[in-house]
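Asks: Okay, handing you the structure first.
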Amino acid sequence: GKNEYDLLVIGGGSGGLACAKEAAQFGRKVAVLDYVEPSPQGTKWGLGGTCVNVGCIPKKLMHQAALLGSALKDAQHYGWNIAQPLHHTWSVMAQAVQNYVKSLNWGHRVQLQDKKVKYFNMKGSFCDPHTIRGLTKAGKETIITAENIVIATGGRPKYPTHIAGALEYGITSDDLFWLKESPGKTLTPFVFNVSLECAGFLTGIGLDTTVMMRSIPLRGFDQQIASLVTEHMESYGTKFLKRCFPTKVEKLESNRLQVTWKNTDLGTEETDSFDTVMWAVGRAPDTETLNLKTVGMKTNSETGKIIVDASEATSVPHIYAVGDITEGRPELTPTAIAAGKLLARRLFGQSSELMDYDNVPTTVFTPLEYGCVGLSEEAAVQCYGSNNIEVYHAYYKPLEFTVAERDASQCYMKMVCLREGEQRILGLHFIGPNAGEVIQGFALGIKCGATYPQLMKIIGIHPTCAEEITKLHITKRSGLDATVTGC
């Protein structure tokens with residue numbers, strides 16, 4: 001028989017909603033199925049996915065709270081009389097952030113209604129390649145059929161279940177943004193960008209915060225910059241336990257959590273107590289309830305992610321996947337949105353345009369922000385060889401830091417270029433204030449194949465931090481001092 005819907009999207013996050021809304025623009029009959037399984041600590045949220053509820057949005061707002069704290073300290077140097085001591089109230093910030101997130105949840109529901117997209121608040125699983133069994137929280141079942149199905153269920157934080165007490169007593173980023181009371185003295189073991197971002201804003205609002213890292217910080221990012229990020233965080237007040245890994249978490253009578261860890265450098269076992277332990281050990285694809293085996297879908301056995309081709313098609317005809325659930329794609333909201341829209345246009349709008357995953361810009365919102373686009377220095381060396389790349393770099397001091405007497409020793413930028421010919425720019429890395437805003441503009445040029453000589457023809461906007469990129473002239477190869485002096 002005829003399928004009920006032209007398109008059914010499983011997952012109401014950034015990629016899924018973008019795909020559904022775009023498909024509806026072509027007059028197609030579209031449905032979205034979304035369900036949030038509560039975290040092990042019982043946290044749940046509304047429509048919109050990770051970014052809106054437990055990711056980019058609340059994270060950036062709490063990062064902003066911390067930046068305001070730093071600005072208040074700076075303000076005194078600029079003549080403002082600020083009452084001392086400064087005090088931050090978690091519950092006020094959390095309530096404001098949570099209220100804004102709830103307004104976004106509501107906004108997504110209204111948008112789906114306006115575009116005549118049917119919304120099912122249900123858990124979905126495959127019966128066959130065109131049939132989904134939807135299950136409500138109360139256990140009511142609905143069978144939905146569709147010509148095309150898009151999986152966009154994203155991922156959820158992993159727990160290190162091999163560590164005793166990790167699941168019982170720890171939280172993840174799924175819980176942190178929805179806490180009503182301050183997390184207090186916090187430990188975040190393992191170093192993914194979310195752990196550094198959260199540790200950064202927790203330190204910034206005055207909490208005792210410790211990061212435990214077994215190996216390198218910010219895996220997959222430029223390692224020189226990653227080291228500068230953690231150096232700045234240490235000077236900012238975040239504590240780091242390097243080359244350490246936790247072995248157990250126990251609850252004390254005081255309700256505090258006692259964590260035991262191994263120090264691999266010293267070969268010792270150490271303990272300390274914390275109010276909160278927030279795990280950041282990466283994310284796992286949310287596929288458990290989808291019943292993918294029924295339709296014979298190919299996944300990566302190691303990561304659990306769905307294998308897709310350049311057109312986001314899975315191994316099963318008429319079933320597609322976008323966003324964090326897919327193998328080998330950047331786990332970023334804007335790429336999921338773009339991929340979802342382009343997929344809908346190919347399915348229903350006679351388009352053949354594929355998503356281009358090269359030169360995607362991104363930013364890590366640590367206290368001193370790190371923005372980048374293109375290849376890291378390590379990746380460029382691996383691709384082209386160290387003799388075939390040129391790295392231009394500079395240590396600079398933001399003008400805003402001068403009067404406030406702020407340390408700028410980690411404010412740094414580097415541009416990785418091909419050495420021969422036109423010196424095409426392969427990657428740009430910037431650590432400093434407003435890194436996301438800076439990199440977003442330069443990303444256009446790099447996407448369009450900009451070269452070093454072309455960049456040198458750009459007139460900088462004075463006095464800005466971004467201007468320093470237009471003045472990069474010292475190469476790492478030269479060994480000269482890369483510190484910017486004066487105007």
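Asks: Among what's in the range 141-172 and is of a type outside the set (D, E, K, R), in contact (Cβ under 8 Å) with a residue 24 or more places away in the chain and open to solvent by 50 Å² or more (accessible area, probe 1.4 Å), pick the residue that is nearest to SER39 (Cα to Cα).
Replies: LEU167
Asks: Inspect all residues belonging to the range 99-108 and state whether any of them is farther than 16 Å from LEU61 by Cβ, of a type outside the set (D, E, K, R), in contact (Cβ under 8 Å) with a residue 40 or more places away in the chain and buried (at least 17 other Cβ atoms within 10 Å of the Cβ).
Replies: yes
Asks: (1) open to solvent by 10 Å² or more (accessible area, probe 1.4 Å); (2) outside the structural domain of GLU22 (by the TED database); (3) hydrophobic (A, V, I, L, M, F, W, C): which one isn't true of PHE177, the others all being true?
Replies: Only one criterion in (1) open to solvent by 10 Å² or more (accessible area, probe 1.4 Å); (2) outside the structural domain of GLU22 (by the TED database); (3) hydrophobic (A, V, I, L, M, F, W, C) is unmet by PHE177, namely (1).
Asks: Please tell me if THR326 is closer than 30 Å to GLU22 by Cβ and either at pLDDT below 95 or among the polar types (S, T, N, Q) (or both).
Replies: For THR326, the condition - closer than 30 Å to GLU22 by Cβ and either at pLDDT below 95 or among the polar types (S, T, N, Q) (or both) - is met.
Asks: May I pose another question? Listed residues ILE171, ILE205, ILE151; which is touching a helix residue (DSSP H, G or I) at 6+ places or on another chain (Cβ under 7 Å), aliphatic (A, V, I, L, M) and either under 15 Å from ALA280 (Cα atoms) or in the same structural domain as ALA18 (by the TED database) (or both)?
Replies: None of the other options fit; the residue is ILE151.
Asks: Given the conditions (1) closer than 30 Å to THR483 by Cβ; (2) touching a Cys at 6+ places or on another chain (Cβ under 9 Å), report the number of the one that LYS341 does not fulfil.
Replies: (1)
Asks: What about GLU369, is it buried (at least 23 other Cβ atoms within 10 Å of the Cβ) and under 30 Å from ILE474 (Cα atoms)?
Replies: Yes, satisfied.
Asks: Follow-up question, since we're still on this one. Between a residue in the range 80-95 that is within 15 Å of THR203 (Cα to Cα) and any residue that is open to solvent by 90 Å² or more (accessible area, probe 1.4 Å) and not in a helix (DSSP H, G or I), which pairs come within a Cβ distance under 8 Å, given they are 6 or more apart or on different chains?
Replies: Pairs found: TRP90/GLU181.
Asks: Filter the range 415-451 down to the residues that are of a type in the set (S, T, N, Q) and without any contact (Cβ under 8 Å) to a residue 60 or more places away in the chain and list them by number.
Replies: Matches in the range 415-451: GLN423, THR451.
Asks: If you don't mind, there's one more thing I want to ask. Would you check if GLY267 is outside the structural domain of LEU218 (by the TED database) and without any contact (Cβ under 8 Å) to a residue 40 or more places away in the chain?
Replies: no
Asks: Search the range 217-240 for residues that are of a type in the set (Lys, Arg) and pair each with any residue that is surrounded by fewer than 23 Cβ atoms within 10 Å (Cβ to Cβ) when their beta-carbon atoms are under 7 Å apart and the residues are at least 6 apart or on different chains.
Replies: Every condition considered, the pairs that remain are LYS239/THR210.
To keep it simple, each residue is scored yes or no on (1) under 24 Å from the mean Cα position of the chain (by Cα); (2) open to solvent by 10 Å² or more (accessible area, probe 1.4 Å); (3) within 20 Å of LEU202 (Cα to Cα).
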position: LYS2; (1), (2), (3): no, yes, no
position: ASP6; (1), (2), (3): no, yes, no
position: GLY42; (1), (2), (3): yes, yes, no
position: HIS63; (1), (2), (3): yes, no, yes
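Asks: Check off (1) in contact (Cβ under 8 Å) with a residue 60 or more places away in the chain; (2) open to solvent by 30 Å² or more (accessible area, probe 1.4 Å); (3) part of a helix (DSSP H, G or I) for TYR320 and give me the number that stays unchecked.
Replies: Result: TYR320 passes all but (3).
Asks: Condition first: more than 30 Å from LEU207 (Cβ to Cβ) and surrounded by 13 or more Cβ atoms within 10 Å (Cβ to Cβ). Now tell me which residues in the range 262-285 satisfy that.
Replies: PRO285
Asks: Could you tell me which residue of the range 214-234 is least open to solvent (accessible area, probe 1.4 Å), considering only residues that are assigned to a loop (DSSP other than H, G, I, E, B) and of a type in the set (D, E, K, R)?
Replies: The residue in question is ASP222.
Asks: Can you find even one residue in the range 448-464 that is of a type outside the set (A, V, I, L, M), buried (at least 19 other Cβ atoms within 10 Å of the Cβ) and under 26 Å from MET233 (Cβ atoms)?
Replies: No - not one qualifying residue is present in the range 448-464.
The values are calculated or read from the model by the stated rules, or taken from the named source; none is laboratory data. This one's a predicted model, so the numbers in the text were calculated from it and none came from an experiment. FYI the Cβ positions are ideal-geometry reconstructions off the backbone, even for glycines, and counts take in every protein chain you see. For accessibility, only protein heavy atoms count, side chains too; no ligands or nucleic acids. Shrake-Rupley method; radii C 1.70, N 1.55, O 1.52, S 1.80 Å.
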